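Notes follow the structure.
Coordinate-derived values only; no laboratory data. Just so it is clear, the structure is predicted and the values come from calculations on it, not from any experiment. All Cβ positions, even for glycine, are placed from backbone atoms using ideal geometry, and neighbour counts span all protein chains on display.
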Amino acid sequence: MDKMVLNLGPQHPSTHGVLRLILELDGEIITSVEPEVGYLHRSLEKMAESKSYIQYLPMVDRVDYLSGFFYSYAFCNAYETLNHIQVPEYANYIRVMFMELNRLASHLLWLGTYLLDLGAISPMFYTFREREDVVTYFEKVTGQRLMYNYFVFGGVRHCDIYLDEALRIVDNIYNKIDEYEDIITENPIFLSRTKDIGIISKQKALDWGLTGPNLRASGILQDYRSIMPIYDDLEFDIILSSEGDCYSRYIVRIYEMRESVYIIKQCIEYLQNINLSNVPLNNFYHKQKQHEGEIYSFVEAPRGLTMCYLKSVGEDTPYRVKWRTGSYYSTQILKDILKGVYLSDVMSIYGSLDVVLPEVDR
Amino acid sequence: MNIFEMIKDKFPNVKLASEKIEVEVDDLCPILEYLKTTPELSFDMLLSIIAVDYMDKVELIYPVISTYMNERINLSTKVQTDAQSVINLYPSAYFDECEIYDLFGVNFIGNNNLKRLLMPKSWIGHPLRKNYELKDKRLSWNG
Amino acid sequence: MNYLLCTLFEIKWLPDIWAVILVSVIGFGVVISLLILTVLFLVLAERKLLGFFTQRKGPNRVGLWGVLQTTADAIKLLCKENIELLSSDKFIFTIAPIMAFASVILLWCLIPYNSEFHLINSSVGVLLYFAIASLPMIFHFLAGYSSNNKYSLIGSYRSLGLTCSYSIVLMLSVMSVIFLSGTMDLDKIVLFQSKTWMIFSNILGFLIFFIATLAKLNRCPFDLSEAESEIVCGYHTEYSGMRFAMFFLGEYAELFVMSMLVAILFFGGYLPPFGMYLANAFMGNCEFCSYFIYFEQTIWLFIKTLIIVFVIIWIRATLPRLTQVSTLNMFWKYIIPISIFNLIMIIMMRALW
Amino acid sequence: MVKKIYLSIKAILKGHFTVLKHLFRNSVTLEYPEVHPFLNHYFRGRHVLEGCRGCGLCKRVCPSDAIMIEKNDNNYLNKYVIDYSKCIFCGNCMFYCPTHSMKMSNDYELAKTNKSQLLTDIYYKGV
């Protein structure tokens, strides 16, 4: 029997960007998959070689526009480790707070778009409503909604953060998560779309290099936050689920949002007790000699473990910057797990992996 | 027991350099296989493959982590143009190898489906090489 | 209708045959204008309601509260170019949207709007209705098949698969209504419910019929033949301009007419819910009042229909989409046995009375 | 089986009523051209330059090469052109300005009909 080759993307409504999947269909069953990426390649790694560290810092937010703080942090951390810069403790708390808020915003966007892929309309608007709060808060503090350029080498730009507003936002989100769960979690149609669909076993997840919530949904305890020094004083649980199907990935993310709220509250509590008004601005131009060396800087981003490899040979510009991102590997695994599933399950599996294409192509 | 010493016992040619273990090209696959299959080590995830161009040679760094021990080691090897593919051990290396083939021009023996991953299929040259000319007229999008 | 016809016969303005034609044309004109007005309203209502459900405002720029939004959209669609693929089957590609829309218009003519205005009054009205109601789906399939696009093809065979699942259920649940009322005439089914509505004696049948209606209308959660997140737009991916508008209007006209049928079969159609006409209650039994009752009947029918339409939109706002496989599973494994059980129960009930 | 059906119907109804609850909440739409969003003073919009001495540090930290500085013969600033087709509004020029003469205003409506209009001279030459 002849097979039909279906070209899903790069301009498909629900590939969240410009992923192109070349599917071979036998009826509605997929027999082979070939993911094609590179439609959003901005050569961020090449750019690093011709820009100074300060020039490159705003570019870093653009690796993944939905969670810019994580990438800023990874790059700042690499630079600080390279040049032995001490980061004050309050700055670390602010960084953690903003990163977790960013994780909330990113997961909320994922939740909305994932349910939109599954055909539910209103949850998308509800999650965007809450995400809008977070993003507006970021805009208020950092000056822009997605490309923050707020973390700098040695701390943060300024400490004029509106803690009361942040507290109000996370409290609101914590209540609203229950509301989303009312609509979705037990819905039999949602369950039929996600339970036992797209199962990724432990071995498969490790082989294909999945990280972050996708890996934890497969039952492997691996959260880089637990060994990151800036999370040392904070208490939080690592969410695990054992099935490895779309539903457990959903559940892991939902509970991770609650954990994020918990972490943010601890940070706010700390920051409220110290005086931030006399902290100087951190806007000075580093024109010092860069040290030599190579740094591996890790951060647990919403879409998986992010690594920034920074190699310096003492010049003003980095010798080589390499970004390891979570989505890159989540895209790759589609080759394996999409075989033998129905066409209508493609979106439910692909959506559950939370792939963001700018992160893949960089 | 130190991981490096365990490797050193099996493969005497390895060297420890600050944060990475330098290995010979031919030793790379056996070491990775040893690291992955030994139960007390079980380095089961390849994080990425980092390629750094040193004009004469390309250094490939393989950071592997063990979720069992929560440990990470970086294996590094220097190649000219040909390297051994590790997709049989770690399938996740496929995209990485394609990307390095695309951007550095390193050919991975054993990976039969190498393709240009990020650049257009008809692109000439390997952009992340240090000797790559940035004056390509295809790059002047601004007219 | 008959009243108008008799008057025309009596005053002898025209030859009889012309009188019949004139009355039909007037009736058809009324139905068509009703259809266009309703659909224009309905599209706006859906967008507004979905907006309110998601804490937005919906369209509110064109006209007061956006009432002219759909009109503007329709004009825009009329002015747009009809893009035609070189490789498509031109004849079927052109004819499919027209026929799909025409068959929906035909459905509107079968509905008893009040006790007098019933354009096509047949003793097997229900059967005729479902015979015609299955037509749009065939043209949806042809549209998808002829446009020579893979997404359209998938959409069209999905809609065929959907038909296989819902049509049996739809007929079985209608059978229960027919058995209860003992007639296939829509008018008589309505009058049968003058004491109690059918929904109270046949609640299971109503639920099954409602689910099958959702599937028939390609509405959420059964909108898998035009699931925009999977197969772009389904069978009308390649359509543009007025041809797309035909599908679009046809879909909404079908939504309204199916909701009217639900109201007629289960909610007493044009009968008032309190067993008494408001016109009678307020004005007593005067000559003028009996004319007024006709309007009131139509208004009751529309109110009931709009409530059902609201529920359908509400469902669309909430539920995710089912897959092809689970739809077939659900209908064949659960709903068909339940509806057969329901039918048997109804027959036994009927026999025992 | 019966329990499963009961639970799913309950879940569906619960979802429906949660959605229905939103029908009675106020809309969150910001009707843009009439209502403008609140912007804090940290917002990074169009550049405003006052009291610049033309040291050129902003040019050095600009990641997208959008700043062109022209000096006259006496080494005074003559022109300060920002190419808004290249500018990414990262704010580096503002953050690292040693004299704090570069500010970014809350003006974000920057669309122009012509690309050449995006080359804007923002140097305030006085009266």
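A few remarks follow.
- C-alpha long axis of helix A:343-352 to longest principal axis of chain A, angle in °: 20
- Each 10 Å bin from zero holds the following percent of Cα-Cα pairs in region C:281-353: 15, 18, 25, 24, 14, 4.
- Counting 0.36 nm for each residue step from residue A:221 to residue A:168 and taking away their Cα separation leaves a gain of 15.9 nm.
- Estimated translational D of chain A in µm²/s (Stokes, Kirkwood radius over Cα pairs; 25 °C; 0.890 mPa s): 116
- With a Förster radius of 25 Å applied to the C-beta separation of residue B:116 and residue A:7, the computed FRET efficiency comes to 0.85.
- Tilt relative to chain A, helix A:163-184 - C-alpha long axis, 0 to 90 degrees, to 10: 10
- When the pairs A:322/B:130; A:46/A:311; A:202/B:115 are compared against a 19 Å limit on Cα-Cα distance, A:202/B:115 fall above it.
- D (Stokes-Einstein, µm²/s), Kirkwood Cα radius, region C:1-79, 1.306 mPa s at 10 °C: 103
- Charge dipole magnitude, Cβ of K and R +1, D and E -1 - region D:1-69, Cα centre, debye nearest 20: 620
- Separation of the residue C:332 and residue C:310 label points, Cα + 7 Å toward Cβ, nm: 3.9
- Centroid-to-centroid separation of region C:126-169 and region C:321-353 [C-alpha atoms, Å]: 22
- Among complete DSSP H helices in chain C, those whose alpha-carbon atoms stretch at least 18 Å along the helix's long axis and whose mean Kyte-Doolittle hydropathy reaches -1.0 are C:16-53, C:90-109, C:150-181, C:203-216, C:241-266, C:287-318, C:336-352.
- For residue A:20, nonlocal amide neighbours, meaning residues 5 or more places apart or on other chains whose placed amide H falls under 5 Å from its own, are A:36.
- Derived value for chain D: Kirkwood hydrodynamic radius 18.7 Å. Basis is the mean of 1/r over every pair of different alpha-carbon atoms.
- For region D:47-121, radius of gyration divided by Kirkwood radius, i.e. Rg to Rh on alpha-carbons: 0.95
- For region C:114-162, the Kirkwood estimate of hydrodynamic radius, built from reciprocal distances between every pair of different alpha carbons, is 12.7 Å.
- Long-range amide H partners of residue A:305 with built H, under 5 Å: A:211, A:212
- Here the Debye sum runs over all C-alpha atoms of region A:5-148 as equal scatterers in vacuum, and log10 of I(q)/I(0) at q = 0.13, 0.16, 0.17 Å⁻¹ comes out as -0.78, -1.02, -1.09.
- 222 nm mean residue ellipticity, helices alone, for chain C (DSSP H n ≥ 4; -39,500 (n - 2.57); rounded to 500): -23000 deg cm²/dmol
- Calculated over region C:4-140: convex hull of Cα atoms, volume per residue (Å³): 206
- The value obtained for region A:308-362, namely the Cα convex hull volume divided by the number of residues, is 75 Å³ per residue.
- Under 13 Å, Cβ to Cβ, from residue A:129 - net charge with Lys/Arg +1 and Asp/Glu -1: 0
- Positive-end residue of D:67, D:113, D:48, charge dipole of region D:47-121 with Cβ unit charges: D:67
- Degrees, to the nearest 10: D:2-22 long Cα axis against longest axis of chain D: 40
- Reduced Cα scattering model of the protein assembly as shown, Debye log10 I(q)/I(0), q = 0.04, 0.05 Å⁻¹: -0.25, -0.39
- Just so you know, the Cα atoms of region A:208-326 work out to an Rg and Dmax of 18.4, 52 Å.
- Point-charge dipole on Cβ atoms (K/R +1, D/E -1) for the protein assembly as shown, about Cα centre, debye to 20: 1400
- Put simply, region C:89-352 fits an ellipsoid with semi-axes of 34, 22, 16 Å; these come from the alpha carbon gyration tensor as the roots of five times its eigenvalues, largest first.
- J(HN,Hα) series, region D:36-41, from Karplus relation 6.51 cos²θ - 1.76 cosθ + 1.60, nearest Hz, glycine and proline x: 9, x, 6, 10, 6, 6
- Taking the charge dipole of the protein assembly as shown about its Cα centre, with +1 at Lys and Arg Cβ atoms and -1 at Asp and Glu Cβ atoms, the residue from C:332, C:309, C:206 reaching farthest to the positive side is C:309.
- Note: relative contact order over chain C, using C-alpha pairs below 8 Å and six or more positions apart, is 22 percent.
- Calculated FRET efficiency for the pair residue B:19/residue A:132, C-beta based, R₀ 30 Å, to 0.05: 0.10
- Principal axis dimensions, region B:3-130 - Cα atoms, whole angstrom, descending: 46, 27, 22
- Bins of 10 Å from zero: percent of alpha-carbon pairs in region B:8-70: 19, 52, 25, 3
- Site pair residue C:171 and residue C:123 shows an inter-label distance of 2.2 nm when each label is modelled 7 Å from Cα along Cα→Cβ.
- Residues residue D:36 and residue D:81, FRET efficiency given R0 of 30 Å [Cβ-Cβ distance, rounded to 0.05]: 0.60
- 222 nm mean residue ellipticity, helices alone, for chain D (DSSP H n ≥ 4; -39,500 (n - 2.57); rounded to 500): -7000 deg cm²/dmol
- Quotient of Cα Rg and 2.2 N^0.38 Å for region C:222-353, N being how many residues it contains: 1.47
- Amide H contacts of residue B:76 (H built 1.01 Å from N, under 5 Å, at least 5 apart or other chain): B:21, B:22, B:23, B:62
- Listed residues B:111, B:29, B:64: farthest to the positive end of the dipole of region B:27-143 (Cβ charges): B:111
- DSSP beta bridges fully contained in chain B are about 75 percent antiparallel.
- A simple charge model with +1 on the Cβ of Lys and Arg, -1 on the Cβ of Asp and Glu and nothing else charged puts the dipole of chain C at about 800 debye relative to its Cα centre.
- Distance in nm between pseudo-label sites at residue C:352 and residue A:186 (7 Å out along the Cβ direction from Cα): 3.4
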